[in-house]
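Remarks on the structure that follows.
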Amino acid sequence: QVQLVESGGGLVQAGGSLRLSCAASGRDRRLDVMGWFRQAPGKEREFVAAIRWSGGTTAYADSVKGRFTISRDNARNTVYLQMNSLKPEDTAVYYCAASPILGRVAALYGYWGQGTQVSVSS
């Protein structure tokens, strides 16, 4: 059973940085993609970034491109989301998720972490 545990959220001022981590245990190698999504109050969950364990192919939402970087450490079964130049509109609960397919649709991801809160003050 795949388990995903996020960490690294917190409160930061606009323009600051945070790094989120997602540790995967019980990894199923068919689940080659790890994604980050976020959900703000009253809004739908939205795609942020994704990466393949094999080869490292990445994808980003336009809203975070150039500010956020997704990476992975295969030896540690951990995926990271480095978030720079944070804006108040980045405030949300951030979730990591696992999928066999690289995509931007939440329905492709069958395993989810519990989420970590990121709050950006203006």
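The values are calculated or read from the model by the stated rules, or taken from the named source; none is laboratory data. Being a predicted model, the structure only gives us computed values, none of them experimental. A quick note on method: Cβ atoms are made from the backbone with ideal geometry, for glycine too, and the neighbour counts reach across all protein chains shown. Accessible surface areas use protein heavy atoms only, side chains included; no ligands, DNA or RNA. Shrake-Rupley method; radii C 1.70, N 1.55, O 1.52, S 1.80 Å.
Relative contact order for the range 5-62: what percent, with Cα pairs under 8 Å and sequence separation of 6 or more? The partial results should precede the final answer.
Values: 66 pairs, mean separation 12.7, N = 58.
Averaging sequence separation for qualifying contacts and normalising by length gives 22 percent for the range 5-62.
Simple point charges give the picture: +1 on the Cβ of Lys and Arg, -1 on the Cβ of Asp and Glu, and for the range 29-122 a dipole about the Cα centre of about 200 debye.
Solvent-accessible area of the chain (1.4 angstrom probe, protein heavy atoms only): carbon and sulfur portion equals 47 percent. Within the shell of other residues whose beta carbon sits under 12 angstrom from the beta carbon of residue 78, the net charge comes to +2, with Lys and Arg scored +1 and Asp and Glu -1. Per residue, the chain exposes 51 Å² of solvent-accessible protein surface, assessed with a 1.4 angstrom probe and all protein chains in place. Ordering 42, 25, 5 by Cα displacement along the dipole of the range 1-96 toward the positive end leaves 25 in first place; charges were set at the Cβ atoms of Lys, Arg (+1) and Asp, Glu (-1). Just going by the charge dipole of the chain, with Lys and Arg at +1 and Asp and Glu at -1 on Cβ, which of 51, 66, 121 is farthest out on the positive end? Value: 51.
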